[in-house]
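Each reported figure results from applying straightforward, stated rules to the coordinates on display, with no laboratory input. A quick note: this is a predicted structure, and the numbers were derived from the prediction, not measured. Heads up, the Cβs are rebuilt from the backbone with ideal geometry, glycines too, and the neighbour counts pull from every protein chain shown.
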Amino acid sequence: MSSENPYRFQTRVVNIGHVPLGGDNPVRVQSMTNTDTLDTRSTVSQAIRMIEAGCEYVRIAVPYMKETENLREIKNALRRQGYKTPIIADVHFKAEIAEVASTIAEKVRINPGNYLPKRVTRHASHANDPGVALELISDRLSPLLKICREHGTAIRIGVNHGSLSERIMNLYGDTPLGMAESALEFARICESHSFHDLVFSIKASNIRMMIAANRLLAEKMHEAGMNYPIHLGVTEAGAGEDGRIKSAIGIGSLLADGIGDTIRVSLTEDPEAEIPAAYSILQSAGVRITKTEFIACPSCGRTQYNIQEALKNIQSKTSHLKGLKIAVMGCVVNGPGEMADAHYGFVGAGSGKIHLYKGQKLVRKNIDESLAVEAMIELIRESGDWVDEATI
Ligand code: SF4
C-alpha cells in the first residue's frame with residue numbers, strides 16, 4: 001500500500017524506460033507536445049520546458065511514418081542535452097507506425113478503436129463469430145508485441161470515447177461497458193501472447209462517462225485478476241479555470257477511489273502549463289504531496305484581522321515546505337477545532353491579534369498581526385521543520 005494513499009488500487013509495476021509506473025510508485029505526471037513532430041527544434045525545446053516543469057513522461061504524436069522516423073532525432077537531441085525523460089509515441093492509426101515507434105520510444109500508445117483495418121471491424125460486427133475478429137486482432141498485434149518485448153517498450157491501450165470501433169458499438173453500444181471492453185479485449189490478446197507491459201486509459205470529454213468507464217474497468221480488471229496501471233485524463237477539457245475544474249473533477253474523483261497511476265491534465269494551453277495543475281490535483285487528492293498543504297477558513301464576522309493578506313504572505317514564504325500542513329483560521333471559536341491535523345496553526349484571537357499553534361497546542365498568544373507571520377516562521381524553524389528554499 002502506498003503511504004500517501006492507503007486506498008490505492010494496487011497495480012503491477014510497468015517500466016517506462018527508467019521511470020517505473022504503477023505499484024507503489026508516485027502517480028506520474030505526463031503531458032504531450034503540440035508542436036509539429038517534424039520540427040525537431042521546436043519539439044525538443046517544448047519537451048525541455050515540460051520536463052523542467054516536472055513532466056515525467058513526454059508524449060509525442062506520430063501521425064505518419066515521417067514523424068515516426070523523426071522521433072529518433074528528437075529523442076537523441078534530448079538525450080544529448082542530458083534529458084532522460086521517457087518518450088511515449090502516440091500512434092493514431094497504423095500498426096506499421098506503432099511497430100517502428102516501439103523501437104524508438106519507451107512506450108507506444110495505440111487506440112483500439114482505430115488501430116485495426118476496416119475489414120476487422122466488418123468481420124467483428126459479425127456478432128455470431130466474434131472469435132474470428134479477435135483472431136484477426138491478435139494477428140495484427142502480434143508483430144508489435146514481439147518488437148516491444150525485444151526493446152523493453154510498454155504499450156498503452158488508450159480508448160477514446162469518440163473513437164470506439166464499429167464492432168464495439170454494435171456489441172455494447174456507446175456505453176462505459178463498451179469502453180472498458182474495448183481495452184480489456186486488447187489486454188486479453190496481449191496476455192495470450194504473454195505480454196504484460198501494459199497500461200490502460202479510457203478517456204472522454206464527458207466526465208460522468210469517463211468516471212463510470214474507469215470504475216468499471218478497475219472492477220472488471222479485479223474480477224479478471226488483472227492489475228495493469230491506469231492513466232487518467234479528461235479529453236477536450238478546455239482552458240483556464242474551466243479546464244482545470246473539469247479535469248480535477250474527473251481525475252480527482254477516480255484518484256479519491258484509489259484508481260490511477262499516471263495523469264494528464266489536457267488543457268488548450270502550452271503543455272508545460274498542465275504540469276502545475278496536475279500536481280495540484282494530486283496534492284488535493286492526497287495521493288502525491290509535493291508542496292505545503294494550506295488549510296484556511298473562508299472567514300466570517302468573527303474574523304478580526306486581515307486573513308486574506310496573512311494567507312497570501314504565509315503561502316509566499318512557506319509553500320516550499322513539502323509535507324507540512326499549515327492552517328490559517330479566522331477565529332479561536334471554531335478555528336482550532338476545524339484545523340484538524342495541521343502541523344501549525346495561525347489563528348485570529350481578537351482585534352489584530354494572532355495565536356500560534358503547534359499541532360493542537362497553543363504555543364504563542366496574542367501576537368500583533370504585523371509580527372505574526374515572522375513569528376510563525378520562527379516557530380517552524382525552532383521546531384526543526386524549516387528548510388531553506390535554495391536547499392530543496
Ligand atoms: S473559523 Fe471562525 S472565522 Fe473562520 S469561518 Fe469558522 S467561525 Fe468564521
How much length is gained if the chain between Arg49 and His222 is pulled fully straight, taking 0.36 nm per residue apart and subtracting their Cα-Cα distance, in nm to one decimal? 58.5 nm
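Dipole of segment 277-346, Cα-centred, from +1 at each Lys and Arg C-beta and -1 at each Asp and Glu C-beta, to the nearest 20 debye? Let's see the in-between values first.
On the way: 7 positive and 4 negative charges, 44 e Å.
Around 200 debye, computed over segment 277-346.
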Among residues other than Ile202 whose Cβ falls under 12 Å from its Cβ, what is the net charge (Lys/Arg +1, Asp/Glu -1)? +3
Long-range amide H partners of Arg364, meaning residues 5 or more apart or on another chain whose placed amide H is closer than 5 Å, are Leu356
Residue ranges of DSSP H helices in the chain that stretch 30 Å or more (Cα, own long axis) and have mean Kyte-Doolittle hydropathy of at least -1.0 are 130-151
Note to self: C-alpha centroids of segment 129-206 and segment 1-74 sit apart, in Å, by 21
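Indicate the gyration tensor shape class of segment 15-95 (rounded, prolate or oblate), computed on the Cα atoms with a ≥ b ≥ c the square roots of the eigenvalues: a/c under 1.5 is rounded; otherwise a/b larger than b/c is prolate and the rest oblate.
It is oblate, given that a/c is not under 1.5 and a/b is not larger than b/c.
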Among Leu134, Ser192, Val159, the residue whose Cα sits farthest towards the positive end of the charge dipole of the chain (+1 at Cβ of Lys and Arg, -1 at Cβ of Asp and Glu, taken about the Cα centre) is Ser192
Note down the nm distance, to one decimal, between modelled labels 7 Å out along Cα→Cβ at Tyr172 and at Asn334. 4.5
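Mean residue ellipticity at 222 nm from the helices of the chain, using -39,500 (n - 2.57) per DSSP H segment of n ≥ 4 over the full residue count, to the nearest 500 deg cm²/dmol?
Values: 13 runs with 166 residues, N = 392.
That calculation yields -13500 deg cm²/dmol at 222 nm.
I'd like the FRET efficiency for His18 and Asp341, computed as 1/(1 + (r/R0)^6) with the beta carbon distance as r and R0 of 25 Å, rounded to 0.05. Please list the in-between numbers first.
Details: r = 35 Å, r/R0 = 1.41.
Efficiency at R0 = 25 Å is approximately 0.10.
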Which far-off residues, 5 or more places away or on another chain, put their amide H under 5 Å from the one on Val328, with H placed in the peptide plane? Ile295, Ala296, Cys297, Phe346
Relative contact order of segment 14-284, defined on C-alpha pairs under 8 angstrom at six or more residues apart (%): 19
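If you add up the charges near Glu67, with Lys and Arg at +1 and Asp and Glu at -1, over every other residue whose beta carbon is less than 15 angstrom from its beta carbon, what do you get?
Working: positive: Arg41, Arg59, Lys66, Arg72, Lys75, Lys94, Arg109; negative: Asp36, Asp39, Glu69, Glu73, Asp90, Glu96, Glu99.
Neighbourhood net charge equals 0.
Of the listed peptides 40-51, 370-381, 88-99, what is their order by residue-averaged count of other C-beta atoms within 10 Å, with the highest listed first?
Numbers: 40-51: 19.5, 370-381: 16.6, 88-99: 21.0.
In decreasing order of mean packing, 40-51, 370-381, 88-99 become 88-99, 40-51, 370-381.
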Alpha carbon Rg of the chain, scaled by the compact-globule rule 2.2 N^0.38 Å: 1.15
Grab the Cα-Cα distance for Gln360 and Ser284, subtract it from 0.36 nm times how many residues apart they are, and report the gain in nm with one decimal. 25.1 nm
Cβ-defined net charge surrounding Ile259, 9 Å radius [Lys, Arg +1; Asp, Glu -1]: 0
With θ set to phi - 60°, apply the Karplus curve 6.51 cos²θ - 1.76 cosθ + 1.60 along segment 163-169 and write out the HN-Hα couplings as whole Hz, x wherever there is a Gly or Pro. 9, 5, 6, 4, 5, 5, 4
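Please give the contour-minus-distance gain from Gln308 to Asp388: 0.36 nm per residue of separation, less the Cα-Cα distance, rounded to one decimal in nm. Can you show the working numbers first?
Details: separation 80, 0.36 × 80 = 28.80 nm, distance 2.44 nm.
Between Gln308 and Asp388, full extension yields 26.4 nm more.
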